[in-house]
Amino acid sequence: ALDPFEVPVFQIDMPMMESAINFGGEILVVATHGPTVNSTHALLRETGERLGKSAQYSGLTVEEAWHDLARGDVEGHNQRLSSAIHQCIHRVKPSCVVLAQLSMTALLLSFPDPLSEFGVPVFTSGQYGFEFMRNFLINGPETTN
């Protein structure tokens, strides 16, 4: 999309959403703010419709992790998220995890290899969004589609 100044504008979550939908299966959406699970489910549905693919969704909210991060306790945030994700994965058996907020990308500081930690891919808007932007800036728009 272009704004009136002809500067490309990207939604930071979109590359993550597309990656999760393309991965498919049961997507566990994890958030640290309650309403974000529903809005992320809606964005995943819209993305799936646009890509012509479907997936199932479940949700998990870990509000306490947000409070940890707000206090500057990144390690506490990451450990609390990790514990909650591990517990939920055993119940839900998702094919992948989507972290619904950009701030949650901090989990990768403690768990740089989420696939080996959780047994399923973990998609973050920080990683996927900024990789998309890097590719766009280096290679131009034709390589990011």
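The values are calculated or read from the model by the stated rules, or taken from the named source; none is laboratory data. The structure presented is a predicted model; accordingly, all values stated were derived computationally and were not measured. Ideal geometry is used to build each Cβ from the backbone, glycine not excepted, and the neighbour counts take in all protein chains shown. Each accessible area value is taken on the protein alone, full model and side chains, heavy atoms only, with ligands, DNA and RNA left out. Shrake-Rupley method; radii C 1.70, N 1.55, O 1.52, S 1.80 Å.
List of remarks:
- Flag if residue 68 is open to solvent by less than 10 Å² (accessible area, probe 1.4 Å) and among the acidic types (Asp, Glu): yes
- Residue 103 falls short on exactly one of the conditions (1) in a helix (DSSP H, G or I); (2) open to solvent by less than 40 Å² (accessible area, probe 1.4 Å); (3) among the hydroxyl-bearing types (Ser, Thr, Tyr), and that condition is (2).
Conditions tested, residue by residue: (1) under 24 Å from residue 131 (Cα atoms); (2) at pLDDT 95 or above; (3) more than 17 Å from the chain's Cα centre (by Cα).
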site: 35; (1), (2), (3): no, no, no
site: 62; (1), (2), (3): no, yes, no
site: 71; (1), (2), (3): no, yes, yes
site: 77; (1), (2), (3): yes, yes, no
site: 84; (1), (2), (3): no, yes, no
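- Tally of residues being farther than 21 Å from residue 69 by Cβ and either free of Cβ contacts under 8 Å to residues at least 60 places away in the same chain or touching a Cys at 6+ places or on another chain (Cβ under 9 Å) (or both) across segment 90-145: 19
- Restricting segment 10-64 to residues that are open to solvent by 10 Å² or more (accessible area, probe 1.4 Å) and aliphatic (A, V, I, L, M), the residue that is nearest to residue 74 (Cα to Cα) is 60.
- Some residue of segment 112-129 being over 27 Å from residue 7 (Cβ atoms) and in contact with a Phe, Trp or Tyr (Cβ under 7 Å, 6 or more places away or on another chain): yes
- Condition check for residue 54: part of a loop (DSSP other than H, G, I, E, B), of a type in the set (Ser, Thr, Tyr) and farther than 30 Å from residue 140 by Cβ: yes
- Residue in segment 86-95 that is among the small types (Gly, Ala, Ser), in a helix (DSSP H, G or I), in contact with a helix residue (DSSP H, G or I) (Cβ under 8 Å, 6 or more places away or on another chain) and modelled with pLDDT of 95 or more present: no
- Tally, over segment 115-140, of residues that are in contact with a helix residue (DSSP H, G or I) (Cβ under 9 Å, 6 or more places away or on another chain) and among the aliphatic types (A, V, I, L, M): 3
- Residues that are touching a residue at least 24 places away in the same chain (Cβ under 8 Å), within 21 Å of residue 102 (Cα to Cα), in contact with a strand residue (DSSP E or B) (Cβ under 9 Å, 6 or more places away or on another chain) and not aromatic (Phe, Trp, Tyr), drawn from segment 40-58: 40, 44, 58
- Candidates are the residues of segment 106-145 that are open to solvent by 80 Å² or more (accessible area, probe 1.4 Å) and in a helix (DSSP H, G or I); the one that is nearest to residue 72 (Cα to Cα) is 109.
Residue by residue, here is whether (1) in contact with a strand residue (DSSP E or B) (Cβ under 7 Å, 6 or more places away or on another chain); (2) not β-branched (Val, Ile, Thr) holds:
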residue: 69; (1), (2): no, yes
residue: 78; (1), (2): no, yes
residue: 85; (1), (2): yes, no
residue: 94; (1), (2): yes, yes
residue: 108; (1), (2): yes, yes
residue: 113; (1), (2): no, yes
